[in-house]
Amino acid sequence: MTDLARFRAEKDQSFKFGSQSPLTDEQKAIFLGLHYFPENPVLRLELPLERLPSPKEVIILTSTGDKRSYFHVGQIRFSVNEQEVALQIYEDDYGFFLPFSDASAQAETYGGGRYLEPYEIRHNTLFVDFNLAYNPYCAYNERWSCPLPPAENRLKIKIEAGEMKF
């Protein structure tokens, strides 16, 4: 079993039995596991963080109309299927935050977008593994309020890695 497969199995157990699960008791009773794209090593990336000269506070709307404050710290650039893309990176008290949606949204992945938490492996170099892209809790039921990916992080290409539609 790969590290990713083990991580996914542990997440399924946490969702089914954990007290911090986003699922309702009714959902837990019939939950058989999350769905994922096959592991895609090409989308496991070490990328330079193109930092802004000074982080800018931004407000990101949530699925329930609330507002959350983050700092826009910079962007990353990479290629997917020979197409260059850029995604904006945000930061809060918990670390880096990468909300995004892509062309798989609605049909294959949650329509409201997915999240990643890249981390710095060297000065201004982030580890970004799209195999770890996950649905926000509001993808499971409406009792959650989740930040929506800003327009600049809505890609017209597919990112075929990570968690799929619930």
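Throughout, read-outs are computed from the coordinates displayed, never taken from laboratory work. The structure displayed is predicted, hence computed values, not measured ones. Note that we place each Cβ from the backbone using ideal geometry, even for glycine, and neighbour counts take in every protein chain shown.
Pull up segment 1-43, narrow it to residues that are aliphatic (A, V, I, L, M) and part of a helix (DSSP H, G or I), then point me to the one that is nearest to Ala161 (Cα to Cα). It comes out as Leu43.
Collect the residues in segment 55-71 that are touching a Pro at 6+ places or on another chain (Cβ under 7 Å) and closer than 14 Å to Asp92 by Cα, keeping them in residue-number order. Once the filter is applied, which keeps residues that are touching a Pro at 6+ places or on another chain (Cβ under 7 Å) and closer than 14 Å to Asp92 by Cα, segment 55-71 yields Ile60, Arg68, Phe71. Within segment 16-25, the presence of a residue that is in contact with a Leu (Cβ under 9 Å, 6 or more places away or on another chain), surrounded by 11 or more Cβ atoms within 10 Å (Cβ to Cβ) and among the hydrophobic types (A, V, I, L, M, F, W, C) is excluded.
Would it be correct to say that Glu46 is surrounded by fewer than 16 Cβ atoms within 10 Å (Cβ to Cβ), of a type in the set (Asp, Glu), over 20 Å from Glu152 (Cα atoms) and in contact (Cβ under 8 Å) with a residue 12 or more places away in the chain? Considered against the rule, which asks whether it is surrounded by fewer than 16 Cβ atoms within 10 Å (Cβ to Cβ), of a type in the set (Asp, Glu), over 20 Å from Glu152 (Cα atoms) and in contact (Cβ under 8 Å) with a residue 12 or more places away in the chain, Glu46 comes out as yes. Looking only at residues of segment 70-126 that are surrounded by fewer than 16 Cβ atoms within 10 Å (Cβ to Cβ) and of a type in the set (Lys, Arg), we find that the one that is nearest to the chain's Cα centre (by Cα) is Arg77. Condition check: more than 23 Å from Thr24 (Cα to Cα), in a strand (DSSP E or B) and in contact with a Gly (Cβ under 8 Å, 6 or more places away or on another chain). Does Phe127 satisfy that? So Phe127 fails the test.
Only a single criterion out of (1) under 20 Å from Phe71 (Cβ atoms); (2) in contact with a helix residue (DSSP H, G or I) (Cβ under 6 Å, 6 or more places away or on another chain) is not satisfied by Val128, namely (2).
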